[in-house]
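Since the structure comes first, as structure tokens, the remarks are kept for the end.
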Amino acid sequence: MSDVDMPGTDGFELLRLLNAARPGLPTILITGYPDTLKRLPTARASNPRVFIKPFHAPELLAAISDALQPRR
């Protein structure tokens, strides 16, 4: 889980690095600036869950719970 807008490595670069190291790892991106999602790579193998601030905490908790479930 990462914010998109961070100093240094942004969330999209972190997503790219994670996909290279751990393909299929569930990922969650959060942003307060929906326009930045235009930079989300279209070939997104990881298919991250995306939350826009403000978001509903129960939905984020459900996404985290889902990400922690064993994959088949």
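The values are calculated or read from the model by the stated rules, or taken from the named source; none is laboratory data. Fair warning: this is a prediction, and the values are worked out from it, not measured in the lab. Cβ: placed from backbone, ideal geometry, glycine included. Neighbour counts: every protein chain shown. When the accessible area is computed, the model is the full protein with side chains, heavy atoms only, and any ligands, DNA or RNA have been set aside. Shrake-Rupley method; radii C 1.70, N 1.55, O 1.52, S 1.80 Å.
For the range 3-14, the count of residues that are in contact with a strand residue (DSSP E or B) (Cβ under 7 Å, 6 or more places away or on another chain) and touching a residue at least 40 places away in the same chain (Cβ under 8 Å) is zero.
Based on what the data block shows, is G11 within 24 Å of R71 (Cβ to Cβ) and not basic (K, R)? Working first, answer last.
On the way: within 24 Å of R71 (Cβ to Cβ): yes; not basic (K, R): yes.
When the stated conditions are applied, G11 passes them.
Which residues, taken from the range 56-69, are at pLDDT 95 or above and not charged (D, E, K, R)? Listed by number, the residues that qualify are H56, A57, P58, L60, L61, A62, A63, I64, S65. Of the residues in the range 26-36, at least one is of a type in the set (V, I, T) and either in contact with a Ser or Thr (Cβ under 6 Å, 6 or more places away or on another chain) or at positive phi (or both). Filtering the range 11-27 to residues that are open to solvent by less than 40 Å² (accessible area, probe 1.4 Å) and in a loop (DSSP other than H, G, I, E, B) leaves only T27.
With the structure loaded, tell me whether P41 is surrounded by fewer than 17 Cβ atoms within 10 Å (Cβ to Cβ) and over 12 Å from the mean Cα position of the chain (by Cα) or whether it fails that test.
Working: surrounded by fewer than 17 Cβ atoms within 10 Å (Cβ to Cβ): yes; over 12 Å from the mean Cα position of the chain (by Cα): no.
Criteria not met by P41.
The rows are residues; the columns are (1) open to solvent by 60 Å² or more (accessible area, probe 1.4 Å); (2) under 13 Å from S2 (Cα atoms); (3) part of a loop (DSSP other than H, G, I, E, B); (4) in contact with a helix residue (DSSP H, G or I) (Cβ under 9 Å, 6 or more places away or on another chain).
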site: L29; (1), (2), (3), (4): no, yes, no, yes
site: V50; (1), (2), (3), (4): no, yes, no, yes
site: L61; (1), (2), (3), (4): yes, no, no, no
site: A67; (1), (2), (3), (4): no, no, no, no
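Across the range 38-51, a minimum of one residue is classified as in contact with a Ser or Thr (Cβ under 7 Å, 6 or more places away or on another chain) and modelled with pLDDT under 90.
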